[in-house]
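Attaching a single structure in C-alpha cells format; questions to follow.
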Amino acid sequence: MKRQIPLMIVVILGSMFVVHTFVPHKISADFFDWFQDWIKAISPFAILLGVISLSMVNGTKIKRKAPNWQYSVVTLIGLAFTAIAGFVWGTQTGTPYMWLFKNVQMPMGATMFSLLAFYIASAAYKAFRARSTEATVLLIAAVIVMLGQVSLGAMISKWIPITSKWILNVPNLAAKRAIMIGVGLGMTATSLKILLGIERTYLGGGK
Amino acid sequence: MKKSTLKLLDKMQKVDRRIIYIIVAFSIIIPLLIPFNSKTYVTEPTSNIYQKVDSFAGDDTKAVLMSFTHNASTMPELFPMEVALLRHCFERDIKVLTICWLPAAAPLVDYAINQAKEGYDVQSGVDYCNFGYKPYALRLPIMLGMGDDIAKAVETDSQGRKIENLEIMNNIKNYDDMNIIVDFAGNSSAIQWIMYARAKFGANIAAGITAVMVADNYPYLQTGQLLGMFRGLKGAAEYEKLVDVFAAYESDKFPNGRPFSKEIINDTWVPITRDKVTYEVDGKMIETDADLQYKFKKARIGMNAQSVAHVMIIVFIILGNIGFFLTKKKKKKIV
C-alpha cells in the first residue's frame, strides 16, 4: 500500500492534468480551481518540513560535537533571529529584518556570487591555450564574446559586437537547441513512463 | 641564457592564481572607486523592452508585471535593471506590478521600489502594487490563474490588502491587460512564463538575467518568444541610458519624456562623472537641471569595472599563449 497509493495519486492526477491541458471544458476548469486551493494548503507544510529538517540536522551536529559544529550554531541562531525579527517587527523598511537583509544577507550573497569572477579569470588563463585547432577556435570565440560584452569591443571595431552576436546566435544556438531537443524528448519519455507506472524510482525504497 | 629564457616563458604560463586574483580584484575595485566615462551602446534586446514598456505610457488600461525570481546573490547584476525599469515606469506614468517567488526576494522588491520611487509622486495600490512573496510551489497555478483573473489568482498584496479593491487594478484583469511581463532571475526561469503565460495566453515576455545565463536564453530571444532581454549588467547599463535619454528627458516640447528614436540613442552619450544629467551630442554638452543620482548610474559604473576586468582576463590569456608558443618553439630548437 505504501507504494501503491502514491503511485495511484500520480497516475490519476497526472492523467487528469494531461486532459485538462487539452480539454477546455467547465469540468476541466473547475478541477483546476480545486487543485489550486489544494496546492495553497499543501505548500506551507514544505516550509515547516524545511525548518524541522534544518533544525534536526544542525541540532544533531551540535549535540554530537561533529566537525565544524560551530557553524551549525551560527545557522540556528541566524534562523531563529531572522524568523523572530520578521514575526515581531514585520518585514518593512526600517525594521530589524530589513536591516539584516541589507547588511548581512545582501553583502554575503553578493560576495559568494562575485567569487565567480576570480575563478573564471584563473580558469580562463589556464584553460584557454591554443593547443589544438578546436582549442584555438574556442579561445578566439571566448575573446570575441568577452570583448563584445563590454563597450570597449565596439570602440575597437564595430565588427566585434556583430561577430559576438553571430557566435551567440548561430553556433551557440545550434548546440543549445540540440541539447534542448534531447532534454525535451527525454522529459517526455520519462513523464510518460511515470504516468504509465513504468518508472517508479521516485517512490524510493530501491527496486 | 637559453635556460633562463625558458624559465621566464615557463613562468608566463604558470602565473600563480593568487596573483591573478589580486590583479582582477584591483581591476574591479579601482574603476568602481574612480568612475570614468565610457560609451554605452544600446542593443536591440534591451531597446525592445524599453519600447514595449514605453508604448503604453500614461495608459491606465495596461500594466507592467515584474517577476523577481532571485535572491541577494545575483543582486549586483539584476538590481540595477530592476531599479531602471521601475524608474522608467514612474517617470512615464506606467502602472507597475511586482511579484516574487523566493522568501529572500521579498525585501529585495521593497528595496528596489523604495530606491526607485524617491522623488516621484507615486502611491502603493494606485501607481504600483507589490503582490509580495508567493511560494514557488504556487508559481504554476498563479501563472495560469493570472491568465483568467489576477485578483483571484494572487488574492492579496504584500500589505495584506485585497487585490480586487485596489485602485491600480481598475481596468487590469488578466494578461490581456499586461503590457509586458519581465522575469528577473539568475537562471532560465523566464522559460516558465513562455510556456504558460505566453503559449496559453499570448502574454509578452522579457527576461532580465545574469550574463552567465545569457547563452541559455538566446534560443527564446531568436524565436521572438522573448520580446527582449536584459543581458547582465550590460543590459542594465543600456536601460539606464535609455531612461536618461528618453523617459527622464524634459524640455518645452517634451515635458514628460520624449519618444524613443534610434538616431538619438546612437548619437547621444550621458557622461557618468557629472553630477547633472548631461547629453553629449556630436561633442556638444547639453547640461540639464536633473541630478544624475548614483543609484541611477550604478550599472554604468559597474560596466567600467567589468570592461577593465575583461581586458585583464584577455591579457592573461594572451600572456599564457605567448609563453606556450615560445616554449614550444624553444624546446624544438634545443632538441
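Would you please give the residues with an amide H less than 5 Å from that of B:Ala290, counting only those at least 5 places away or on a separate chain, with H modeled from the backbone geometry?
For B:Ala290, the qualifying residues are B:Val277.
Per the Kirkwood treatment, what hydrodynamic radius in Å, one decimal, follows for the protein assembly as shown from the mean inverse distance over all distinct Cα pairs?
One over the average 1/r among Cα pairs gives 26.2 Å for the protein assembly as shown.
In a solvent-free Debye calculation with one equal scatterer on each Cα, what is log10 I(q)/I(0) for the stretch A:1-88 at q = 0.12, 0.16, 0.19 Å⁻¹, listed in the order of the q values?
Here the Debye-derived log intensity ratios amount to -0.65, -0.80, -0.91.
Could you order peptides A:74-80, B:265-271 by the average number of other Cβ atoms within 10 Å of their residues, highest first?
Values: A:74-80: 12.9, B:265-271: 17.3.
Order by mean packing, descending: B:265-271, A:74-80.
Something else now. Over all residues in A:122-134, what is the mean tally of Cβ atoms on other chains that come within 10 Å of each residue's Cβ? Could the numbers behind the result be given before it?
On the way: counts 10, 3, 6, 16, 8, 2, 7, 7, 5, 3, 0, 0, 0.
The per-residue average across the peptide is 5.
Can you give me the long-range amide H partners of B:Ile205? Hydrogens built in the peptide plane at 1.01 Å from N, cutoff under 5 Å, separation of 5 or more residues or another chain.
HN-HN under 5 Å from B:Ile205: B:Ile181, B:Leu227.
Additional query: State the extension gain, in nm to one decimal, for the chain segment bounded by A:Phe22 and A:Lys165, taking 0.36 nm per residue of separation less the distance between their alpha-carbons. Kindly include the intermediate steps, with their values, before the conclusion.
Working: separation 143, 0.36 × 143 = 51.48 nm, distance 3.80 nm.
Contour length minus the Cα-Cα distance gives 47.7 nm.
Taking the Cα centroid of the stretch A:57-127 and of the stretch B:86-146, what is the distance between the two, rounded to the nearest whole Å?
25
Could you check the spin-label model distance between A:Met56 and B:Ala290? Points 7 Å from the Cα along Cα→Cβ, value in nm.
Each label point lies 7 Å from its Cα, and together they span 5.6 nm.
Suppose R0 equals 60 Å. What FRET efficiency, 1/(1 + (r/R0)^6) with r the Cβ-Cβ distance, do B:Ile30 and B:Leu140 give to the nearest 0.05?
Numbers: r = 46 Å, r/R0 = 0.76.
Step by step, r from the Cβ atoms, then E = 0.85.
Counting pairs of alpha carbon atoms under 8 Å apart in space and at least six apart in sequence, what relative contact order in percent does chain B give? Mind showing how you got there, number by number?
On the way: 572 pairs, mean separation 82.5, N = 335.
Result for chain B is 25 percent.
Run the paramagnetic zone check for B:Lys152: 7 angstrom along Cα to Cβ, then residues of the stretch A:19-41 with backbone nitrogen under 13 Å.
A:26-37
Which FRET efficiency, nearest 0.05, do B:Glu118 and B:Asp282 yield, Cβ-Cβ r, R0 45 Å? Could you put the intermediate results ahead of the total?
Numbers: r = 33 Å, r/R0 = 0.74.
After rounding to 0.05, the efficiency reads 0.85.
Separate question: Whole-Hz ³J(HN,Hα) for each residue in the stretch B:285-294, computed from phi via Karplus 6.51 cos²θ - 1.76 cosθ + 1.60 with θ = phi - 60°, x for glycine and proline: what do you get?
Per residue, the Karplus-derived 3J(HN,Hα) values read 9, 10, 8, 9, 7, 6, 6, 8, 6, 4 Hz.
If a paramagnetic tag sat 7 Å from the Cα of A:Thr201 along the Cα-Cβ line, which residues of the stretch A:1-39 would have the backbone N under 20 Å from that point?
From the stretch A:1-39, the list is A:3-4, A:6-8, A:10-11.
Which distance in nm do the two modelled labels at A:Leu115 and B:Lys262 give, with both placed 7 Å along the Cα-to-Cβ direction?
Spacing of the two 7 Å Cα→Cβ label points: 4.5 nm.
What is the Cα radius of gyration of the stretch B:251-314 over 2.2 N^0.38 Å, N being its residue count?
Working: Rg = 14.3 Å, N = 64, 2.2 N^0.38 = 10.7 Å.
Against the compact-globule rule of thumb, the ratio is 1.34.
Can you pull the mean other chain C-beta count within 10 Å for peptide A:99-112? Show your work: numbers first, answer last.
Details: counts 1, 1, 8, 4, 0, 1, 7, 10, 2, 2, 9, 7, 3, 2.
Rounded to a whole number, the mean comes out at 4.
A further question follows. Order the peptides B:121-134, B:233-246 from the highest to the lowest mean number of other Cβ atoms within 10 Å of their residues.
Averaged packing, sorted descending, gives the order B:233-246, B:121-134.
How much length would be gained if the chain were fully extended between A:Ile140 and A:Ala123, taking 0.36 nm per residue of separation minus their Cα-Cα distance, in nm to one decimal?
So the extension gain works out to 4.6 nm.
Each residue of the stretch A:139-156 in order: what ³J(HN,Hα) in whole Hz does its phi give by Karplus 6.51 cos²θ - 1.76 cosθ + 1.60, θ = phi - 60°, with x for Gly and Pro?
Couplings: 4, 5, 4, 5, 5, 5, 5, 4, 5, x, 7, 10, 5, 4, x, 5, 6, 5 Hz.
Roughly how many nanometres apart are two label points built 7 Å out from the Cα toward the Cβ at A:Trp38 and A:Ile12?
So the label points at A:Trp38 and A:Ile12 sit 0.9 nm apart.
Now a separate question. From the backbone phi of the stretch B:40-46, what are the Karplus-calculated ³J(HN,Hα) couplings (6.51 cos²θ - 1.76 cosθ + 1.60, θ = phi - 60°) in whole Hz, Gly and Pro given as x?
Rounded to whole hertz, the list is 10, 8, 7, 9, 4, x, 7.
Give, as ranges by residue number, the residues of the stretch B:217-260 whose backbone N falls under 17 Å from the point 7 Å along Cα→Cβ of B:Met195.
In the stretch B:217-260, the label zone of B:Met195 (backbone N under 17 Å from the point 7 Å along Cα→Cβ) covers B:217-221, B:225-226.
Inside 10 Å of the C-beta atoms of B:310-321, what's the mean count of C-beta atoms belonging to other chains? Intermediate values should be presented prior to the final figure.
Working: counts 10, 4, 2, 11, 8, 1, 6, 12, 4, 1, 8, 7.
The shielding value for this peptide is 6.
Since every read-out is calculated from the coordinates, none of them should be taken as a lab result. Predicted, not measured: the structure shown is a model, and the values here were computed from it. Positions of Cβ are generated from backbone atoms using ideal geometry, with glycine treated the same way; all protein chains shown enter the neighbour counts.
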